[in-house]
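Notes to accompany the following structure.
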Amino acid sequence: MRFMIIVKRTGFGSRVMPSEKLLTDMGKFNEELVNAGVMLAAEGLQASSKGARVRFSGGKTTVIDGPFAETKELVAGYWIWQVKSKEEAIEWLKRAPFEETEVEIRQVFEAETSVLSSRPS
């Protein structure tokens, strides 16, 4: 099973960089994930001031340039992990060196082999 681990940046905006200690600890944690064969991908995201949102509503498309000041939670980065269960993902995440944040775990949809094999070639 693959899971996306969504790291949120809450309460302190998008301009505050993590401490040197947190970056070092996170590097060690990431190395542990790689060595265990759990981590498939990981990326941090740039500040919302460099982003945009595209809203689709009533047949109209609206582009909103960042920063997103009205947002209380911003996605700061993500991991993609390959694990056997949500419980295993949670156990790995409990070992992460985070403080004062919230992290979301969501399973990635997997293509069913029976659906793929029943398609005409």
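The values are calculated or read from the model by the stated rules, or taken from the named source; none is laboratory data. Quick caveat, the model's predicted, so the values are computed rather than measured. Heads up, the Cβs are rebuilt from the backbone with ideal geometry, glycines too, and the neighbour counts pull from every protein chain shown. Heavy atoms of the whole protein, side chains included, go into the accessibility calculation; ligands, DNA and RNA do not. Shrake-Rupley method; radii C 1.70, N 1.55, O 1.52, S 1.80 Å.
Quick notes
- When residues of segment 100-121 are limited to those that are in a loop (DSSP other than H, G, I, E, B) and surrounded by 10 or more Cβ atoms within 10 Å (Cβ to Cβ), the one modelled with the highest pLDDT: Val108
- Residue match in segment 79-95 (condition: within 15 Å of Arg9 (Cα to Cα), free of Cβ contacts under 8 Å to residues at least 60 places away in the same chain and surrounded by 12 or more Cβ atoms within 10 Å (Cβ to Cβ)): no
- Close contacts from segment 39-63, counting a first residue that is open to solvent by 90 Å² or more (accessible area, probe 1.4 Å) and a second that is part of a loop (DSSP other than H, G, I, E, B), with Cβ to Cβ under 8 Å and a gap of 6+ residues or different chains, come to Lys50/Gly66.
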